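Below is one structure, written out as structure tokens; comments come after it.
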Amino acid sequence: MAPKPTKNHVARAVEGAQRTEWRERAMAAHPPYAEYQHKTDRQIPFVLDPK
């Protein structure tokens with residue numbers, strides 16, 4: 001399981017090719033992600049940036 005984000009980071013959504021790259025990484029690390037993404041219209045942020 002992935003570590004939980006801390007208060008020292010901010011999640012942000014990415015677009016285009018960068019989103020495709022991060023989505024593929026997420027599915028490789030956690031295969032059930034693909035099924036979850038199909039069940040929601042919400043755009044899930046992929047990147048955590050330090051504050």
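The values are calculated or read from the model by the stated rules, or taken from the named source; none is laboratory data. Remember, predicted model here, so these are calculated numbers, not experimental data. FYI the Cβ positions are ideal-geometry reconstructions off the backbone, even for glycines, and counts take in every protein chain you see. In case anyone asks, the SASA skips ligands and DNA or RNA and just uses the protein heavy atoms, side chains included. Shrake-Rupley method; radii C 1.70, N 1.55, O 1.52, S 1.80 Å.
Once the Cα atoms of helix 16-29 and of the chain are each reduced to a long axis, what angle between those two axes, in degrees from 0 to 90 to the nearest 10, is obtained?
Tilt relative to the chain: about 80 degrees.
Leaving ligands, DNA and RNA out of it, report the carbon-plus-sulfur percent of the accessible area of the chain at a 1.4 Å probe.
The computed percentage sits at 57.
Counting only heavy atoms of protein chains, what accessible area per residue, in Å², does the chain have with a probe of 1.4 Å?
Values: 4320 Å² over 51 residues.
Averaged over the residues of the chain, the accessible area is 85 Å².
With labels modelled as points extended 7 Å from the Cα through the Cβ direction, what inter-label distance (nm, one decimal) is found for Ala2 paired with Asp49?
Placing both labels 7 Å along Cα→Cβ, they lie 1.7 nm apart.
Where q = 0.15, 0.17, 0.18, 0.24 Å⁻¹, what log10 of I(q)/I(0) comes from the Debye formula for the chain, counting one point per Cα?
The computed values of log10 I(q)/I(0) come out as -0.44, -0.56, -0.63, -1.06.
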